[in-house]
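K.L.:
Here it is, the structure, as structure tokens.
Only the coordinates and a few stated rules stand behind these numbers; no lab work does. These figures come from a predicted structure and were not determined experimentally.
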Amino acid sequence: MSVFEQSAAWRDLHVLLATGLRHPDEQFRAALETGEFEAELRSLVSELDVGLAISVVPPVERSDGLTTAYIDLFEGGQQPYAPPVESPYRPWYDRDEGGLMNGPSAAEMRQRYRALDVSVPDAYSPDHIALLLEYGSLLLEADEREAYRSFVRTHFEWVPALRRATDTAAANAPVYRWLAVLIDELCVALRDRLDVPDPTAEDVDRMVARAGNS
């Protein structure tokens, strides 16, 4: 069954994973601890018949552990880290202009949100993975099929590099490494069902190297 024949479930899966990749809050922590997040994930994965890595769910860090893990893995609290933002993985001309996290993909996403009259939260770059997932969910909800296919091709191509970066990062962050695997496997399934080519191994290597030099 195509993505667009099950667009509501795909949309919900985008939103669920975006929730996990935002800065952690008490609601997300509670959803992990009670099993609500895992239950919803399993339900959507079963409905869509996609093989995401949910066989083993990592233990949830107690107290402020999720926040520490998020900062260490994604925001440079420990080095090396894995920026969850598209810009560092992409080639662009002047990385000194606007900051390392504010490349062409960020500028494009800022324009996209402006066209929708939607403000980007101050805590996030416009091309943060959580916001990209949420934008994709909006395209699915609007049944913008070609726009969604193009968006997957152009704005999720870097996700394998994000997964690779989390593998080599210094942080102790099992929940967020698990989520990076889920996001990567989601994109694999989407590219397959949308007939979008996978990035080459060489492309992924270059993206990882760029992010490592950010």
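K.L.:
Classify region 160-214: rounded, prolate or oblate, from the alpha-carbon gyration tensor (a ≥ b ≥ c, eigenvalue square roots; a/c under 1.5 rounded; otherwise prolate if a/b is larger than b/c)?
P.N.:
oblate
K.L.:
Would you please report the Å³ per residue occupied by the convex hull of the alpha carbon atoms in region 39-86?
P.N.:
Taking only Cα atoms, region 39-86 has a hull volume of 125 Å³ per residue.
K.L.:
Figure the gain on full extension for ARG114 and ALA53 (residue separation times 0.36 nm, minus the Cα-Cα span) and round it to one decimal in nm.
P.N.:
18.5 nm
K.L.:
Continuing with the same structure: If you take Kirkwood radius over Cα pairs in Å from the coordinates, which of (1) 17.5; (2) 18.5; (3) 19.8 do you get?
P.N.:
(1)
K.L.:
Which of rounded, prolate, oblate describes region 129-187, given a ≥ b ≥ c as roots of the alpha-carbon gyration tensor eigenvalues and a/c under 1.5 marking rounded, otherwise prolate only if a/b is larger than b/c?
P.N.:
Prolate shape, in that a/c is at least 1.5 and a/b is the bigger ratio.
K.L.:
Under the rule a/c < 1.5 gives rounded, and otherwise a/b versus b/c splits prolate from oblate, where does region 67-171 land using the Cα gyration tensor?
P.N.:
Since a/c reaches 1.5 and a/b is larger than b/c, the shape of region 67-171 is classed as prolate.
K.L.:
Here's another thing I want to ask about it. For n ≥ 4 DSSP H runs only, could you compute -39500 (n - 2.57) per run for the chain, divide by its residues and tell me the 222 nm figure to the nearest 500?
P.N.:
-18500 deg cm²/dmol, from helical runs alone.
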